[in-house]
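Structure first, then comments.
The values are calculated or read from the model by the stated rules, or taken from the named source; none is laboratory data. Predicted model, so just to flag it, every value in this text is computed and none were measured. Don't worry about glycine lacking a Cβ; one is built from the backbone with ideal geometry, like all the others, and counts go over all protein chains shown. Accessible surface areas use protein heavy atoms only, side chains included; no ligands, DNA or RNA. Shrake-Rupley method; radii C 1.70, N 1.55, O 1.52, S 1.80 Å.
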Amino acid sequence: MPQVAILGAGIAGLSSGWLLKQRNASFLLLEKQSNPGGLARSFAWHGFNCDFAAHRLFTTDEHVLQQLLQLVPMGRHIRRSRIWLRGRWLRDPLDVLELTFYLPLLERVRLLGSYLGRPRDLPDDSFENYVERRYGRHLYRIFFGPYTERLFGIPGNEISVLWARQKVRLANPLDNLRENTKSKFSYFYYPIRGGYGAIGDRLYREIREQVLLEATVLGFETNGSRISHVVYKYDGEEIHEPVEAVVSTLPLTLTGRMLGHHFQMRYQKVEAVYLLINRPAVSDQHWFYFMDQDCTINRLVEFKNLSAEGVPRDTTVLCAEVTKECEDIVGRVTEDLVKSGLVREEEVLDSKVVREEFAYPVYDQRYDQALREAQETLGIFENLFLVGRAAEFKHREVDDNFAAASENIAELMKGLRAVTPTPV
């Protein structure tokens, strides 16, 4: 009997399984899809290793970094990225002085007047207010607002201030000190071979004997404050698996429904649009951000610039992240690329679209309260552990998921019977 059931084979689930294996604990990992990796997976297309949208590894946790680098050989890159704004390519993070140099005189006056007259008594109770109070209404309208409202699909005054505190950034004179935080970093790591999915692939290879792919979790059986069984369907059979602990990386709303609760929170979908381009390279940049209101693309990555190991010489692949709902999504993405001068329409040789429904937790105005209520509700189950972006309902990167898995597994191990831990 497995002592632990892990639900979902994304990075959070795979990391949890890998960490349990280091401690000689018995576990079973259940994954609905036919391949592991979740949002951090990669796949082969026209000779390229394509990730689901844009990924990179940056962490301030040296222990996590060293563990991941021991798992997968990675190259260290000095960040190169650009912003498409008002018909021009600008530096990232945005330098307001550079922006004003290109703006027409009237726009400069509006930007300066808006900044000097910004309402400093605005409460920090929304993304919109947070930005307007610090940078003025005009910069919000032309830069911060369009991208973030497109990302979540709701107006800025309905977006939680928590998102602003995590993500709002501008270039400033201190940048020459090479500030490195989650919102501003000058370098990052990326696998040399296999795409970003190489991290998940390596974790999976280490534990594959304890993983069931194409296994759909149906629900739980409970006994008071504990989950006693995980119910899942595999190979046409419904199985009731007795467990001592459960690590769920499934969307928090789904875990809640399987335990009889409905949480008022939602996720934003992402469609990754892949274009094969008939050119050796489109740029030397790692990724691009598209800020204007009329853009369809949120951000764009060129995989060859992350790793050119073993890829075709004469073509390249671009991947656009899109959260808008579009009828002709490939056509709209191509329009953005042509308009920005990155490609010509006749250079597009092929396209592919991959959609994920639970890509971003939506940071709306009820975010903090809804998350707290969900945590309190599910907190009654003493052997249930929630790990990962979808399960924690937080914007998490791979390093965050690995670190969270480490913390949770350490706590989980305290409650397991007859297991002798061994150091990682």
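If you check ASP350 against the conditions, is it free of Cβ contacts under 8 Å to residues at least 24 places away in the same chain, surrounded by fewer than 16 Cβ atoms within 10 Å (Cβ to Cβ) and within 27 Å of GLN268 (Cα to Cα)? Taking the combined requirement at face value, the residue does not satisfy it. List the pairs whose first member sits in the stretch 280-304 and is without any contact (Cβ under 8 Å) to a residue 40 or more places away in the chain, whose second member is part of a loop (DSSP other than H, G, I, E, B), and whose Cβ atoms are under 8 Å apart, counting only residues at least 6 apart or on separate chains? Pairs found: PRO280/ARG313; PRO280/ASP314; PRO280/THR315; GLU302/ALA281; GLU302/VAL282; GLU302/SER283; GLU302/GLN285; GLU302/HIS286. Considering the conditions (1) surrounded by 20 or more Cβ atoms within 10 Å (Cβ to Cβ); (2) in contact with a Ser or Thr (Cβ under 6 Å, 6 or more places away or on another chain); (3) of a type in the set (A, V, I, L, M), ILE380 is excluded by exactly one of them, (1).
For the stretch 222-242, the set of residues classified as surrounded by 14 or more Cβ atoms within 10 Å (Cβ to Cβ) and under 20 Å from HIS261 (Cβ atoms) consists of THR222, ARG226, ILE227, SER228, HIS229, VAL230, VAL231, TYR232, listed by residue number.
All conditions in (1) in a helix (DSSP H, G or I); (2) at pLDDT 65 or above hold for LEU174, with the sole exception of (2). Residues in the stretch 158-171 that are in contact with a helix residue (DSSP H, G or I) (Cβ under 7 Å, 6 or more places away or on another chain) and at pLDDT below 90 were compared, and the one that is nearest to ASP92 (Cα to Cα) is LEU170. Just for the stretch 81-137: of the residues that are part of a strand (DSSP E or B) and free of Cβ contacts under 8 Å to residues at least 24 places away in the same chain, which one is most open to solvent (accessible area, probe 1.4 Å)? Among those residues, the one meeting the criterion is ARG88.
For beta carbons closer than 9 Å, sequence separation of 6+ or different chains, a first residue in the stretch 366-391 that is outside any helix (DSSP H, G or I) and a second that is surrounded by 15 or more Cβ atoms within 10 Å (Cβ to Cβ) and among the acidic types (Asp, Glu), the qualifying pairs are ASN383/GLU244; LEU386/GLU392; GLY388/ASP400.
Filtered by the rule that a residue be assigned to a loop (DSSP other than H, G, I, E, B), of a type outside the set (Asp, Glu) and surrounded by fewer than 21 Cβ atoms within 10 Å (Cβ to Cβ), the stretch 299-317 gives ALA308, GLY310, VAL311, PRO312, ARG313, THR315. If I filter the stretch 61-68 for residues that are open to solvent by 40 Å² or more (accessible area, probe 1.4 Å), at pLDDT 95 or above and polar (S, T, N, Q), do I get at least one hit? The answer is yes; a qualifying residue exists. Looking at the stretch 244-267 only, could you name the residues that are among the aliphatic types (A, V, I, L, M) and either out of contact with any Ser or Thr (no Cβ under 8 Å at 6 or more places or on another chain) or surrounded by fewer than 23 Cβ atoms within 10 Å (Cβ to Cβ) (or both)? Listed by number, the residues that qualify are ALA245, VAL246, LEU250, LEU252, LEU254, MET258, LEU259, MET265.
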